[in-house]
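> First, the structure itself, so that you have it in front of you.
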């Protein structure tokens with residue numbers, strides 16, 4: 001153990017990288033290059049990867065570009081896929097810039113060209129779409145890479161891998177096991193065998209565990225599951241993820257219009273889709289365009305954010321108009337102005353909480369039409385309880401403040417503010433829980449219901465309810 005630790009310490013001490021400017025190699029990095037080449041030749045994968053994990057991603061990419069092709073290809077295959085190139089490129093503008101440099105693109109083009117089409121296609125899925133498209137255009141001789149471009153963005157056909165085990169239904173279990181062993185090194189993770197009929201159409205699946213327990217002389221058609229999930233190449237990746245979660249499957253086969261098996265969406269790809277969709281929903285819920293990137297130009301930033309800000313401005317203007325319409329009440333009791341931000345904040349927060357849960361349920365496929373009524377009743381009861389607790393606390397604070405600061409009729413003020421808080425919390429929660437469902441039924445991304453829309457609408461409702469309650473119970 002101590003020997004391994006000491007060895008890693010020596011490697012870490014020797015293996016470091018000085019960041020290089022564009023197309024300007026540094027002599028200080030030559031020693032690191034020699035050591036990396038030596039470790040790759042001697043198959044010191046664990047030690048090398050452990051050290052490179054501590055490097056900045058941009059430095060790892062520069063190292064890959066400086067290595068010889070055969071060494072770069074091997075190291076790239078050794079590197080862990082998480083975090084993927086795609087994710088890091090979205091977060092680090094300088095990393096994306098390096099990916100688009102001519103020398104980097106040429107190096108990766110050579111790496112991809114030296115691989116078989118299936119490996120190259122799977123590797124392309126790790127890159128941002130614009131980088132992948134650029135690389136694919138540089139490889140017109142690879143048929144499957146060209147076919148990838150024929151499918152629309154974010155579709156099953158665009159992200160599917162073409163590594164799988166597919167056998168005829170008349171194949172014996174023994175033959176299937178032998179085939180799995182033969183394909184194990186190429187495919188690595190095999191959980192399912194796909195069963196085809198005489199015309200190569202997908203007719204069933206067999207889990208590997210079930211396959212190993214069956215007699216070797218039995219046929220695949222005798223043990224295969226004919227009730228399985230499959231999607232078309234044009235299916236949106238978010239729908240693929242929803243279906244996979246609903247049926248709890250690790251991979252989803254992709255078929256063409258005639259039912260022929262053409263690929264599969266793997267577990268790793270499903271995980272990546274989930275991360276991408278979560279990021280997109282987060283941006284939408286924050287009032288930012290889903291296409292926003294860290295390295296966007298000023299014009300793109302303005303185009304992506306200004307519409308949402310203007311929408312918020314409209315909502316705030318309406319709320320201000322509502323407040324202005326109760327000018328006489330404010331003149332009669334100026335203390336009411338102190339409770340306006342409290343009411344608006346509670347309404348906005350309650351609406352965002354309810355809408356976030358609804359959006360998550362819709363995205364995960366756990367919110368079905370049959371239980372919408374039950375969920376809305378639960379939201380209503382929870383909102384009533386939360387509103388009652390918050391209203392009671394506000395009433396106590398109002399009475400406490402009246403002991404320090406002179407307040408006219410603190411009892412009626414406490415009643416008006418607590419009832420308004422109860423009402424706005426309940427209304428906001430119901431609006432937040434309902435609007436995403438309605439938008440989903442209309443074919444609109446439910447994540448767009450949050451942020452500006454929910455906050456603005458609930459601000460207006462909150463202010464209106466507050467002044468109506470204050471007029472009825474405090475000023476009446």
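Here, each number is a calculation from the coordinates, and none is a lab measurement. Since the structure is predicted, the reported quantities are computational estimates derived from the model, not experimental observations. Because the Cβ atoms are built from the backbone with ideal geometry, glycine has one as well, and the counts that use them run over all protein chains shown.
> Full-extension gain between residue 260 and residue 225, please, as 0.36 nm times their residue separation minus the C-alpha to C-alpha distance.
Once the chain is fully extended between residue 260 and residue 225, it gains 10.9 nm.
> Ranked from highest to lowest mean number of other Cβ atoms within 10 Å per residue, what is the order of the peptides 314-323, 202-211, 263-272?
With the highest mean Cβ count within 10 Å placed first, the list reads 263-272, 202-211, 314-323.
> Tell me the label-point distance for the pair residue 181, residue 385, using the 7 Å Cα-to-Cβ offset, in nm and rounded to one decimal.
About 5.9 nm separates the two model spin labels.
> May I pose another question? To the nearest 0.05, what FRET efficiency results for residue 309 and residue 442 with a Förster distance of 30 Å applied to their C-beta separation?
Efficiency for this residue pair is about 0.80.
> Students often check this: by mean Cβ neighbours within 10 Å, which of 416-422, 244-250 ranks highest, and how do the rest follow?
Top of the packing list down: 416-422, 244-250.
> Using a Förster distance of 51 Å, how high is the FRET efficiency between residue 27 and residue 472, based on the Cβ-Cβ distance and rounded to 0.05?
That pair, residue 27 with residue 472, gives E of 0.05.
> In the range 165-266, what percentage of the DSSP-assigned beta bridges are antiparallel, given to the nearest 5?
So the antiparallel bridges in the range 165-266 amount to around 65 percent.
> Working out 0.36 nm times the residue gap between residue 130 and residue 55, then minus their Cα-Cα distance, what length gain in nm do you get to one decimal?
Stretched out fully, the residue 130 to residue 55 stretch lengthens by 24.5 nm.
> Quick one: if the Förster radius is 41 Å, what FRET efficiency do residue 331 and residue 377 give, using the C-beta to C-beta distance and rounding to 0.05?
Working from the Cβ atoms, E equals 0.50.
> Next up: So if each residue of separation counts as 0.36 nm, and I subtract the Cα-Cα distance between residue 360 and residue 245, what length gain in nm does that give?
Fully extending the segment from residue 360 to residue 245 adds 40.1 nm.
> Please give, to one decimal in nm, the separation of the simple spin-label points placed at residue 318 and residue 404, each 7 Å out from Cα toward the Cβ.
The modelled label-to-label distance comes out at 3.7 nm.
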